[in-house]
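So the structure is just underneath, and the comments pick up after that.
The values are calculated or read from the model by the stated rules, or taken from the named source; none is laboratory data. Only a predicted model underlies this, so the values are computations on that prediction, with no experimental measurement involved. Cβ sites come from the backbone with ideal geometry, for glycine too, and all protein chains shown count toward neighbours. Accessible surface areas use protein heavy atoms only, side chains included; no ligands, DNA or RNA. Shrake-Rupley method; radii C 1.70, N 1.55, O 1.52, S 1.80 Å.
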Amino acid sequence: MLRAREKICRPGPEREENGVAKERGKGWSRALQGLRTELFFTGESLRINGRGLLLGLVVGLLVGLWGGLFARLLEGAAQVRNGTDWALFLLPLAGLAVVWLYRRGGIKTAGGTDLIIQAARGEQPVSRLLAPVIFAATLLTHCFGGSAGREGAALQLGGSLAELVRKGVKMGEEFQDLAIMCGMSAGFSAVFGCPITAALFALEISCVGILPLGALFPCAVSSIVAGAVAGELGVRAVNFYLTASSPDPVFYGQVLVLSVASGLLSILVCHVFSGARASLERLLPNPYLRVVVGSAGVIALTLLLGTKAYLGTGDTMIYSALHDGQAGPADFIWKLLLTALTLGAGLKGGEIVPCFAIGATFGCVAGPLLGLPAPFAGAVGMIALFCGVTNCPLSALVLGFEVFSFCNPASFLVAVAASFLISGYGGLYAKQKFAFSKRPDPAGLGREDRQDGEGSF
């Protein structure tokens with residue numbers, strides 16, 4: 001009976017062929033519908049990215065010109081600072097001028113790069129006066145002996161100019177975040193000459209764990225164009241050629257230990273920077289008095305040390321550590337203290353290049369104790385510390401590839417991964433957010449619900 005029922009219920013050959021034909025027809029229909037959807041998406045993407053291409057080109061050209069000029073003027077400022085005996089003693093007057101410029105322009109002096117990070121998320125407007133003010137303030141700081149970097153000014157300069165471009169070409173407010181990211185990419189590339197790192201850094205900096213890849217194409221365009229324009233103005237990319245031991249378990253263990261130490265150092269660096277700023281603001285609420293006292297402290301400490309080597313960005317320290325394998329045992333400490341005092345007093349510049357110097361000199365000193373070549377250890381320390389203070393592991397990894405020409409890239413992967421894990425949720429930028437936990441959790445890689453810029457999302 002069962003077999004008979006199966007025979008009765010089984011469709012005949014014609015019904016089977018019709019069913020298969022219908023299924024095939026539905027399959028073709030779904031495929032055509034999917035193709036139409038993809039073509040429509042591609043058309044919309046090309047239309048929108050056409051505007052992004054235009055934005056990236058204009059921003060790259062404009063920021064490349066200003067960034068290249070800025071980098072060349074910083075070289076002149078360094079010559080004035082190092083080639084005279086009197087420039088350092090004018091630092092308090094330069095500080096007064098910096099404070100006056102910010103107050104006159106109505107710009108929050110405590111915001112700095114955090115303002116640009118918030119603007120990249122669409123949370124904060126950017127003052128049209130930010131570009132000229134940060135340009136002048138950073139030059140004053142460097143010319144008269146401040147110990148500060150240049151990337152903070154480059155990011156702010158790029159973001160501010162990009163906003164002017166967005167408004168000039170009549171792009172709506174919904175493009176503010178894209179414009180700011182293009183400007184950050186262009187500014188970073190113009191002064192560092194690392195276009196790949198620059199594009200990734202702009203995407204990664206505002207919210208750790210989430211990359212707004214829709215902005216990758218225009219950011220790449222603005223970064224490459226700005227780097228090329230700045231290169232024509234004489235700004236050269238930084239490259240070092242290193243040698244390292246043959247990789248084996250012992251070698252990677254040495255790199256791991258140095259990277260963990262650099263990650264722990266990054267915690268100290270961030271706390272010293274933020275602590276110096278908070279302490280000076282609490283003790284000296286008046287910004288004019290604060291910048292004079294802080295500048296006097298920089299002068300006194302420089303005279304006590306008997307050298308100007310720790311002033312400026314720290315490029316000379318980086319070159320000595322990575323090219324010659326030379327660094328004093330306390331170089332990274334003095335650079336940290338002088339930079340914290342300079343920026344905490346209200347003078348302008350940036351923290352990243354000083355952190356490069358701190359990491360490179362620390363690695364150069366600590367690496368040989370572990371059995372690593374000094375220049376290579378300096379590179380590991382620099383990349384690991386950069387990752388720890390910025391919470392940008394992809395940017396740090398690519399920076400290692402770009403600057404050190406893929407010398408033992410797996411060691412940089414170890415350095416970045418270890419430093420990122422060890423460095424915790426602190427960082428140079430209080431407004432940076434975290435989308436995911438830094439550690440693997442038994443419940444899964446879930447979001448880390450933290451607030452006030454320490455893991456918030």
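Things worth noting here:
- Of the solvent-accessible surface of segment 83-233, computed with a 1.4 Å probe over protein heavy atoms with every protein chain present, carbon and sulfur atoms account for 65 percent.
- The Cα atoms of segment 125-176 cover 42, 15, 14 Å along the three principal axes, with the biggest extent listed first.
- At a probe radius of 1.4 angstrom, the accessible area of segment 336-421 per residue rounds to 21 square angstrom.
- Accessible heavy-atom area order of Tyr319, Tyr429, highest first, probe of 1.4 Å: Tyr319, Tyr429
- Per residue accessible area of segment 219-282, 1.4 Å probe, in Å²: 50
- Using the Cβ-Cβ distance between Tyr252 and Ala278 with R0 set to 45 Å, the FRET efficiency from 1/(1 + (r/R0)^6) comes to roughly 0.70.
- Distance from segment 218-273 to segment 113-178 (C-alpha centre basis), Å: 24
- Here the accessible area of segment 314-362 is 63 percent carbon and sulfur, with a 1.4 angstrom probe and all protein chains present.
- The smallest convex shape that holds all Cα atoms of segment 329-402, its convex hull, gives 84 Å³ per residue.
- In the context of the full set of protein chains, residues of segment 63-127 present 49 Å² of accessible surface per residue (probe radius 1.4 Å, heavy atoms only).
- Near Ala148, the amide H atoms lying under 5 Å from its own belong to Gly312, Thr313; only residues 5 or more places off or on other chains count, and H is placed 1.01 Å from N.
- Per residue convex hull volume, Cα atoms of segment 146-300, in Å³: 212
- Applying 1/(1 + (r/R0)^6) with r as the Cβ-Cβ distance of Thr307 and Arg128 and R0 = 41 angstrom yields a FRET efficiency of 0.55.
- Heavy-atom accessible area for Glu163, with the other protein chains in place and a 1.4 Å probe, reaches approximately 10 Å².
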